[in-house]
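Computed from the coordinates by the stated procedures, all read-outs in this text should not be read as laboratory data. Quantities reported herein were computed from a predicted structural model and do not represent experimental measurements. Positions of Cβ are backbone-derived with ideal geometry, glycine not excepted, and every protein chain shown enters the neighbour counts.
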Amino acid sequence: MEFVSESLPENTQARLTSTEVRALLLGHLNWMSERDLMPRDVIDRRQSIDTPVVADETALAAYLLSESVARGVDVLDDVDVVFVLDAHNAYLAAIGAVGPQADSL
């Protein structure tokens, strides 16, 4: 969570509390889990997905906006959700949890 929070623009950091960032991250992880994009035994295990997966960022942002309401997150600017997703994806890439961008496949 620290990686994501520190990667957010100052305006987004001012609008979202750490509790709200955490709730959005959990929503993103939920989205991935619902689509079987996480290994069952997460600790030190590579994905066993053999085919490339492409995530529609617009649909994901829309999902997370609706999740924010369900999780009690008051999103003042929709772009904050996009920034949280971008920072979370950057973190997942930094730890080797996701592969390359689809345009580079």
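Using the beta-carbon distance between Q13 and D36 and R0 = 22 Å, what value does 1/(1 + (r/R0)^6) give for FRET efficiency, to the nearest 0.05?
Working: r = 32 Å, r/R0 = 1.48.
E(calc), rounded to 0.05, equals 0.10.
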Exercise. How would you rank 62-75, 19-32, highest first, on the average number of other Cβ atoms within 10 Å across their residues?
Worked result: 19-32, 62-75
For this session: For every other residue with a beta carbon closer than 14 angstrom to the beta carbon of T58, add +1 if it is Lys or Arg and -1 if Asp or Glu, then tell me the sum.
Result: -4
